[in-house]
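Okay, structure first, notes after.
The values are calculated or read from the model by the stated rules, or taken from the named source; none is laboratory data. Here the structure is a predicted model, which means the values were calculated and not measured. Every residue, glycine as well, gets a Cβ built from its backbone with ideal geometry; the counts of neighbours run over all protein chains shown. Heads up: the accessible areas ignore ligands, DNA and RNA and are worked out on the full protein's heavy atoms, side chains in. Shrake-Rupley method; radii C 1.70, N 1.55, O 1.52, S 1.80 Å.
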Amino acid sequence: RIVSVAVLDSTNEVPDDSLWESDLAEAISYCADQGAKVINLSINDRRAPFKGPRQHSISAVVDQLARQFGLVVVTAAGNTAPLDYLPAKVADPAEYLEHLLAFDRAGITAPGTSALSLTVGGVAATFATGGYASTEPVEKKAHGRPGWPSTITRIGPGVGGALKPELVQSSGTTGFDPTRPSVMDGELNVTGAGIVPGRLLTKNIGTSFAAPFVSRVALAILGRYPEFSANLVRALILLGAERPWDGAEIDADTEAKRVSALRRLIGFGSTSIAGALGVDDHRAVLVAEAEIDMDAVHIYELPVPSSYFESGGSRTLDVAVTHDPPTKLQRLDYLGNKLEFYVVKAMSTDEVAETFARMAFDDEPDVAASDGDESETDQITENSGSKESPKISALGSKRIKMNIPVKVLSLGCNQRASRSFTQRVLASEAPWHIVIRSVNRWCDDTAKQDYALAVSLRRDPNQKEILAELAAQLQAIVEVRIEGEAETEIEL
């Protein structure tokens, strides 16, 4: 069932004669009362692009209601006007990227900065131009290529430096010709619901058309698993994300700046139903939901498929963690707590527990494997010249570094990281463990935080199957944990 509610005026603008926060709160509460579990917000207040450091009041309202009602909220990042940042003449299809990244009013607009929501930016779907008019000049070109950021999308980061937008989907884009830096073209648009009476469909551009793609994935997950929490639905959506573009065309002084710009533009990438729910002989998806104390640690043993020990092909580990912390608009530290996750190897569960029990972490920058280089070589991706905390370094080679640093991911409520291995895993490196660490900011020390964990293990299709093996191992693990007094269990 779909409930449709309008909160804008007849000109599709934020109404001036009423309180915007109250209107949106009333609309979301109404939908929740009707039984809605997923709220798609294809609306934005373009008058206030996010510059920080404080959260927008309307985004704070969305966060509060998402937590109160247990909702999956999907927000559009908002649209920017290419003519506001492009030079008078554009010669190269990739030139717009530099200007978009430098434009000081390209920040995400409210309520897209909502910390608990999944914010969706836009990417191009095609590079064909001029298909609808025989008089179009042959010099007309599209800005970018399929999978590149749209010229109209807005970019991160979000409040507190959180990674935003988390996701991107098709939104359409614009083109250019020798006389104009930005031109509309029907073949570069997307097809969506029409606003003209009597016309069901129309072609247009905007992140408002991108957000419903993600809402559709959320509904597919709930359609199959209606008992899943909003946290777990968000985690699975993120687990299904793949980057449609590697950002090689971004003009940056260093690799660290290029990677940071890539995240600001497209986040974790584009998601899909198949990516969120797809399981086959060579891909297993594991999920868990739990409640963690403030400043506590949860440890999950992750069995390594025997196929990972064999040579040939690649092996990929994807991890997504989401939570819904309390928020306060008045505070610069907007989120009441944060979660960190670490992946470690070659340690028993008791050894992992003992290590993290005595380990005190500071706030020094973290280190990750490069987004494009899956070797064990460390690379600073956010704070060039900084060193990893010596206390984190104590794990040494027993820590599996993911492609995005913990210190970057933990700034937000929606986290996803991956690691691919081109060399076989040594038997001595098993088992693997995922450690979830809760860090209290200003919550009551007795508070508890709900969270969700989703993990994907993948192997090349031409390699040995892994699904049946993992199913058998996890059944045995769950039986052992139930005999003990485990707080959580992993489902396959």
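What to note about this one:
- Scanning segment 47-65 for residues that are in contact with an Asp or Glu (Cβ under 6 Å, 6 or more places away or on another chain) and open to solvent by less than 20 Å² (accessible area, probe 1.4 Å) gives a single hit, I58.
- Residues located in segment 81-98, provided they are open to solvent by 50 Å² or more (accessible area, probe 1.4 Å) and not charged (D, E, K, R): L83, A88, A91
- Picking from residues in segment 402-437 that are over 14 Å from V344 (Cα atoms), within 25 Å of the chain's Cα centre (by Cα) and charged (D, E, K, R), the one that is surrounded by the most Cβ atoms within 10 Å (Cβ to Cβ) is R416.
- Annotation: of all residues in segment 247-276 being open to solvent by 20 Å² or more (accessible area, probe 1.4 Å) and within 16 Å of the chain's Cα centre (by Cα), the one that is nearest to G412 (Cα to Cα) is R264.
- Only residues that are in contact (Cβ under 8 Å) with a residue 12 or more places away in the chain, closer than 27 Å to T174 by Cβ and part of a loop (DSSP other than H, G, I, E, B) were counted across segment 57-98, and they come to 12.
- Output for segment 163-193, where each listed residue is over 21 Å from P87 (Cα atoms) and more than 29 Å from the chain's Cα centre (by Cα): G186
- Close contacts from segment 240-254, counting a first residue that is touching a residue at least 24 places away in the same chain (Cβ under 8 Å) and closer than 22 Å to A102 by Cβ and a second that is among the charged types (D, E, K, R) and crowded, with 16+ Cβ neighbours inside 10 Å, with Cβ to Cβ under 7 Å and a gap of 6+ residues or different chains, come to I250/R258; D251/E98.
- Number of positions in segment 61-91 that are over 20 Å from L167 (Cα atoms) and under 21 Å from the mean Cα position of the chain (by Cα): 5
- Pairs, first in a helix (DSSP H, G or I) in segment 171-199, second modelled with pLDDT under 85, C-beta under 6 Å, six or more apart: G186/Y132; E187/A128; E187/T129; E187/G131
- Among the residues examined, E227 qualifies as in a loop (DSSP other than H, G, I, E, B) and open to solvent by 90 Å² or more (accessible area, probe 1.4 Å).
- Qualifying residue in segment 313-320 (condition: surrounded by 23 or more Cβ atoms within 10 Å (Cβ to Cβ) and hydrophobic (A, V, I, L, M, F, W, C)): yes
- Residue in segment 1-46 that is most open to solvent (accessible area, probe 1.4 Å), counting only those that are assigned to a loop (DSSP other than H, G, I, E, B) and within 19 Å of K164 (Cβ to Cβ): R46
- Unique match (being more than 22 Å from N189 (Cα to Cα), modelled with pLDDT of 95 or more, open to solvent by less than 10 Å² (accessible area, probe 1.4 Å) and in contact with a strand residue (DSSP E or B) (Cβ under 7 Å, 6 or more places away or on another chain)) among L118, L167: L118
- Failed item, numbered, when V214 is tested on (1) over 17 Å from the mean Cα position of the chain (by Cα); (2) in a helix (DSSP H, G or I); (3) closer than 24 Å to I2 by Cα: (1)
- Among the candidates L232, L219, residue that is open to solvent by 80 Å² or more (accessible area, probe 1.4 Å), at pLDDT 95 or above and not in a loop (DSSP other than H, G, I, E, B): L219
- In segment 341-375, the residues that are open to solvent by less than 40 Å² (accessible area, probe 1.4 Å), at pLDDT 90 or above and on the phi < 0 side of the Ramachandran plot: F341, Y342, V343, V344, K345, M347, V352
- Some residue of segment 149-162 being farther than 30 Å from L409 by Cα and either open to solvent by less than 10 Å² (accessible area, probe 1.4 Å) or at pLDDT 95 or above (or both): no
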